1. Within region 173-197, track down each residue that is open to solvent by 40 Å² or more (accessible area, probe 1.4 Å) and either of a type in the set (D, E, K, R) or assigned to a helix (DSSP H, G or I) (or both).
2. It is to be established whether one or more residues within region 115-123 are outside any helix (DSSP H, G or I) and under 15 Å from the mean Cα position of the chain (by Cα).
3. I'm trying to understand the selection: among the residues of region 152-168, which are under 15 Å from Gly37 (Cβ atoms) and part of a helix (DSSP H, G or I)?
4. Given the options Thr219, Thr149, Thr214, name the one that is of a type in the set (S, T, N, Q), buried (at least 21 other Cβ atoms within 10 Å of the Cβ) and outside any loop (DSSP other than H, G, I, E, B).
5. Using the structure shown, decide if Ile113 is open to solvent by 10 Å² or more (accessible area, probe 1.4 Å) and without any contact (Cβ under 8 Å) to a residue 12 or more places away in the chain.
6. Being surrounded by fewer than 21 Cβ atoms within 10 Å (Cβ to Cβ) and part of a strand (DSSP E or B) is the filter; apply it to region 23-75 and report the residue that is farthest from the chain's Cα centre (by Cα).
7. On the given criteria, is Phe98 over 24 Å from Arg213 (Cβ atoms) and touching a helix residue (DSSP H, G or I) at 6+ places or on another chain (Cβ under 8 Å)?
Amino acid sequence: MVVLLHGLTASGDWWGGGYDALAAHAEVVVPDLLGFGASMDVSRTDFSREAHLDALDEMLADLRLDGRPLTVVGHSMGTLAALHWAARRAETVRVVAFCAPLYADRAEAERHIAEIGTLERFFALNTRIAQRSCALMCEYRSTAQWLWTAVSPQWPVRLARHGVLHTWDAYLGGIEGLIIRGDWEAAIGELDARGVPMLLADGADDPVPVAARTAQLETVYDCVDTARHPTAGHDLPAAYPDWALTRIVQS
């Protein structure tokens, strides 16, 4: 079984038709993570890491897939959910993480995100302007969906419209509870101790991961391998599905 976990402000649709071929190798599950896409819940306030992992556990139980060999694949924020969930699940056999924001601590996370660009500095973190912008988006969500489509012409309409299907609490839970909270190295250490292979893959033009972080982890942990696409940015799985698919299905 392969479970594909999307990134922040995205949905399961991020894993488009290019990943249909995975069904020839295993059962494929592509959820909308808690609070995003079709899982958006305007009444919910708990989007902590524990809430995300519990929701994934409940998903497998509801689908009656508990106990089957599990490959967990994540992109961006989804890589943090993937690593922690994989460490929790005894049946995990492999993890693939694309464009992982593996920040050592809050200070590094906030500094690195702010240095990506002006938009990230003001809108990606827990700032007043980001909260007010999200409130406007929630109040005028239909308009925001079409606006997001207009400013993201590189994406299919459905994918762009899903970029605003979340609340401020869900967004903040992703940033604070998964990305900034970190603790990812404990999960990697647990998986390495169990002999679970992990592939950390990113693009050469992606500003989100910390430079050389994955290479450093490869030297520390026996079960960590790395891969780098020569031109990809942070949209690697969506922009280069064939390349990503090959990394997922390799033994």
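The values are calculated or read from the model by the stated rules, or taken from the named source; none is laboratory data. Only a predicted model underlies this, so the values are computations on that prediction, with no experimental measurement involved. Cβ atoms come from the backbone with ideal geometry, glycine included; neighbour counts cover every protein chain shown. Quick note on the areas: whole protein, heavy atoms, side chains included, nothing else; ligands and nucleic acids left out. Shrake-Rupley method; radii C 1.70, N 1.55, O 1.52, S 1.80 Å.
1. Scanning region 173-197 gives Glu176, Arg181, Asp183, Glu185, Ala186, Glu190, Ala193, Arg194.
2. To start, the set of residues in region 115-123 that are outside any helix (DSSP H, G or I) comprises 117.
Going one step further and asking which of them are under 15 Å from the mean Cα position of the chain (by Cα), we end up with none.
No, because not a single residue in region 115-123 is outside any helix (DSSP H, G or I) and under 15 Å from the mean Cα position of the chain (by Cα).
3. Selection gives Val157, Arg158, Leu159, Ala160, Arg161, His162, Gly163, Val164.
4. Values: Thr219 fails: buried (at least 21 other Cβ atoms within 10 Å of the Cβ); Thr149 fails: buried (at least 21 other Cβ atoms within 10 Å of the Cβ).
It is Thr214.
5. Working: open to solvent by 10 Å² or more (accessible area, probe 1.4 Å): yes; without any contact (Cβ under 8 Å) to a residue 12 or more places away in the chain: no.
So Ile113 does not fit the description; no.
6. Among those that are surrounded by fewer than 21 Cβ atoms within 10 Å (Cβ to Cβ) and part of a strand (DSSP E or B), it is Val28.
7. no
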